[in-house]
Amino acid sequence: MILPSGAAQYPVVSQNLVTDNVSVVEGEMAIISCRVKDNDDSVIQLLNPNRQTIYFRDMRPLKDARFQLVNFSENELRVSLSNVSLSDEGRYVCQLYTDPPQEAYADITVLIPPGNPIIEARDEVLSEGNETEMTCTAMSSKPAATIRWMKGDKELPGKPRVELTYDKMYTVTSRLTFTVSKEDDGVPVVCIVDHPAVKDFQAQKYLEVQYKPEVKIVVEFPQGLTREGENLELTCKAKGKPQPQRVSWVKVDDDVPSHAVITGADLYIENLNKSYNGTYRCMASNAVGESFDDYILYVYDAPTTTPKPTTATTTTTTIITTMSYPEANQDTPPSTEPAAHDSRAGEGAPRTVDHAVIGGVVAVVVFAMLCLLIVLGRYFARHKGTYFTHEAKGADDAADADTAIINAEGGHTNSDEKKEYYI
């Protein structure tokens, strides 16, 4: 099998004699071709790096049976070399007997693949947050191999070191240092060896990472606010590597209520009251470390029953009910679900009832005043009228009071009508 040698693929030309450089993997076959563009019946021969004749025309003077004639014509001499070894590496000469002789050179490069890569880890079992070191070695290759590292789907940089051995072989060692996390547990670390003689040459090792527990408190009951007289049930969920064997409950800055029942990871408290308010903590530990989660208990008053409105205040009740809906929609309702690990969610919502009552009373007063003004206005409008006064006509001209009385007799008939308006 013939492998081109990359940058050395261009032909080496000496006038009209042409040949090619060859790269071949150790143990495989190389093909050497000597070609003549314009042949004038001159003899073609092939020489080894020691300038010994391998083939003269179609005859093989050299007693090495690994060389075999593939093709011979006026324009080409093609020879194969099987089971190539490192000692076969060197410059071969294509020679054309002319005057003067012409030569072209074909360099054979022997590729030796590395042995199976060896991956080693300093720590077999790792702990979360610690630094670890891994090495990968590719031995006895020619040319020197290159090593890449992959952790999962991410490439990591390594520090290579190349050594040239006494037999002109190369040994490459790459060192990788990184910090592990709990997400690295079960992730493969792969050492990939790149070499022109091999493909997909790699070794891998799976990480085993221990990490401290992850703790979470789950409220089993109640689902809403915690109120006086009700029961409380909490469950502590803990997961780690290794799995935590012990889970405990405490109350921060105080003692757990005496009648509280703790069963493994569960905490149960009956008949809640405000003296139980505080922070309850669940703790779990393993060989790596300890973790905890908190639950804040706030006990609300027991719910009360609202009395039904009487029939004497039907109008007032209707107004209050109508105006209390928009305000209640804008504020947090009294039955809001509690926030995570805190039973105080929804605090302050009952105050919206007081604002609704005040608004309703004000509306009733304003309405009553408007009705009173309307009734008084209609009353005064209906009592508007006229009346007559009878004064003695000519009394102003009389000399004395008797004369004025005499002159006034019969004055009602001819008296003028006066109108006065009373509002």
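Structural remarks
- With an a/c value of 1.5 or above and a/b larger than b/c for the gyration tensor axes a ≥ b ≥ c computed over the alpha-carbon atoms, the stretch 212-297 is described as prolate.
- Arg35 contributes about 70 Å² of solvent-accessible surface, heavy atoms of the protein only, 1.4 Å probe.
- The largest-to-smallest principal axis extents of the Cα set in the stretch 80-186 are 78, 27, 22 Å.
- Debye, to nearest 20: dipole size of the stretch 212-297, +1 on Lys, Arg Cβ, -1 on Asp, Glu Cβ: 400 debye
- Taking the stretch 17-111 and dividing mean pair separation by its residue count, relative contact order in percent (alpha carbons under 8 Å, at least six apart): 38 percent
- Counted charge near Gly158, where neighbours are those whose Cβ lies closer than 9 Å (Asp, Glu -1; Lys, Arg +1): +3
- Relative contact order, percent, the stretch 123-190 [alpha-carbon distance under 8 Å, six or more residues apart]: 42 percent
- Rounded D (µm²/s) - the stretch 17-111, Kirkwood Rh over Cα pairs, Stokes-Einstein at 25 °C, 0.890 mPa s: 186 µm²/s
- Restricting the trypsin sites (Lys or Arg not before Pro) of the stretch 130-190 to loop positions (DSSP other than H, G, I, E, B) with no more than 10 neighbouring Cβ atoms within 10 Å leaves Lys168.
- A simple count of charges around Leu267, restricted to other residues whose Cβ falls under 13 Å of its Cβ and scoring Lys, Arg +1 and Asp, Glu -1, yields -3.
- Summing Lys and Arg as +1 and Asp and Glu as -1 over all other residues whose Cβ lies under 11 Å from the Cβ of Asn21 gives a net charge of -1.
- Accessible area (Å², 1.4 Å probe, nearest 10) - Arg378: 150 Å²
- Burial order of peptide ranges 245-252, 293-300 (average beta-carbon count within 10 Å, highest first): 293-300, 245-252
- Separation between Cα centres of the stretch 145-179 and the stretch 216-249, rounded to whole Å: 50 Å
The values are calculated or read from the model by the stated rules, or taken from the named source; none is laboratory data. Everything numeric in this text was worked out from a predicted model, so none of it was measured. For neighbour counting, all protein chains shown are included, and Cβ atoms are generated from backbone atoms with ideal geometry for every residue, glycine included. Accessible surface is based on the protein model in full, side chains and every heavy atom, while ligands, DNA and RNA are left aside. Shrake-Rupley method; radii C 1.70, N 1.55, O 1.52, S 1.80 Å.
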